[in-house]
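Notes to accompany the following structure.
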Amino acid sequence: MKIGIIGSGDVAKALASGFLKHGHEVTMGTRDPAKLAEWAKAVPKIRIGSFAEAAKSGEVVVLAVKGTVAAEALRGAGAANLAGKPVIDVTNPIADQPPTNGVLTLFTNSGESLMERLQHEFGAAHFVKAFNSVGAACMIDPQFKGGKPTMFIAGNDAAAKKTATAILTEFGWETDDMGSAEAARAIEPLCVLWCIPGFRQNDWVHAFKVLR
Ligand SMILES: NC(=O)c1ccc[n+]([C@@H]2O[C@H](COP(=O)([O-])OP(=O)(O)OC[C@H]3O[C@@H](n4cnc5c(N)ncnc54)[C@H](OP(=O)(O)O)[C@@H]3O)[C@@H](O)[C@H]2O)c1
């Protein structure tokens, strides 16, 4: 598949490398392509462009920017370049303030989620929340003694969730579909829980698993 990644941080780089490893074509979008020049030397098949070029080139779009600027980045990508496509939304609504005893603050509340806001503004795109409840270093082919970890997903479009599930399966995950976009209200705060062991005892290597 052709993948367009909006973002250039740790998540964008990890997912870009993962997609390339699994045989996909990747265009990574940033406002400043020059800053990726050094990194891109070690990732020969990567293409670098603007947010709009990445979104336009992707059959599947991945949104991996700072939560506070997610809507702004999508406006830069262009609604027309997202229309009808699955948009895998990795963002978390983390507020710009330091954690309190390891606990981050969100800029959303329990009755809304960042993904719903984005879905509302970009109505023709098919958002799927995914990959937000684990660290970038564990996103691709995770190896845990406890077995395959679980990634929770949510979104309104069944075909887009099928695509996200296929990607998660390829990347070594079990997928647990929590239903429509409103479920992002429960999935996004998992990032707060996931980060606590990191801030408290520098433990950033773990993932959630559902047992049945
Ligand atoms: N880090 C993790 O392990 C992890 C794990 C799961 C989920 N997440 C979530 O995934 C997202 C990406 O995280 P990250 O750590 O990779 O990177 P990040 O530092 O949160 O975000 C970097 C990206 O944000 C973009 N950005 C910053 N300010 C902007 C602005 N004013 N307008 C448009 N774009 C702007 C940057 O664009 P330029 O390229 O143009 O500079 C860059 O691509 C976040 O929402 C985070 O909460 C992170």
Residues satisfying the stated conditions in the stretch 47-86, i.e. within 20 Å of M115 (Cβ to Cβ), touching a strand residue (DSSP E or B) at 6+ places or on another chain (Cβ under 9 Å) and in a helix (DSSP H, G or I): F51, A54, A55, G67, T68, A70, A73, L74, G76, A77, N81, L82
Boolean, V103 is more than 14 Å from the ligand (Cβ to nearest atom), at pLDDT 95 or above, under 22 Å from D10 (Cβ atoms) and not basic (K, R): yes
Counted residues, the stretch 190-204 - those being touching a helix residue (DSSP H, G or I) at 6+ places or on another chain (Cβ under 8 Å) and more than 10 Å from the ligand (Cβ to nearest atom): 1
Test: G172 is in contact (Cβ under 8 Å) with a residue 24 or more places away in the chain, of a type outside the set (A, V, I, L, M, F, W, C), surrounded by fewer than 16 Cβ atoms within 10 Å (Cβ to Cβ) and over 18 Å from T108 (Cβ atoms): no
Count of residues meeting criterion [touching a helix residue (DSSP H, G or I) at 6+ places or on another chain (Cβ under 6 Å) and within 11 Å of L114 (Cα to Cα)] in the stretch 175-187: 2
Among residues of the stretch 130-151, those that are more than 14 Å from F171 (Cα to Cα) and touching a strand residue (DSSP E or B) at 6+ places or on another chain (Cβ under 8 Å), counted: 2
Total residues in the stretch 107-125, condition over 13 Å from the mean Cα position of the chain (by Cα), outside any loop (DSSP other than H, G, I, E, B) and closer than 22 Å to D10 by Cβ: 1
Filter pass, P93 being within 12 Å of the ligand (Cβ to nearest atom), closer than 23 Å to M28 by Cα and modelled with pLDDT of 95 or more: yes
Residue under evaluation G146, criteria (1) within 16 Å of the ligand (Cβ to nearest atom); (2) surrounded by fewer than 15 Cβ atoms within 10 Å (Cβ to Cβ), criterion not met: (1)
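Would you check which residues across the stretch 22-46 are away from the ligand (no atom under 12 Å from the Cβ) and either closer than 21 Å to A79 by Cα or in a helix (DSSP H, G or I) (or both) and list them?
Selection gives V26, T27, A37, E38, A40, K41.
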Cβ-Cβ under 6 Å pairs, at least 6 apart or on other chains, the stretch 63-76 side over 14 Å from A136 (Cβ atoms), far side more than 6 Å from the ligand (Cβ to nearest atom) and of a type in the set (F, W, Y): A73/F51; L74/F122; G76/F51
Selected residue (criterion: surrounded by the most Cβ atoms within 10 Å (Cβ to Cβ)) from residues of the stretch 149-167 that are aliphatic (A, V, I, L, M) and without any contact (Cβ under 8 Å) to a residue 24 or more places away in the chain: A166
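The values are calculated or read from the model by the stated rules, or taken from the named source; none is laboratory data. From a predicted model like this one, the values you see are computed outputs, not experimental measurements. Glycine also receives a Cβ, built like all others from the backbone with ideal geometry; neighbour counts cover every protein chain displayed.
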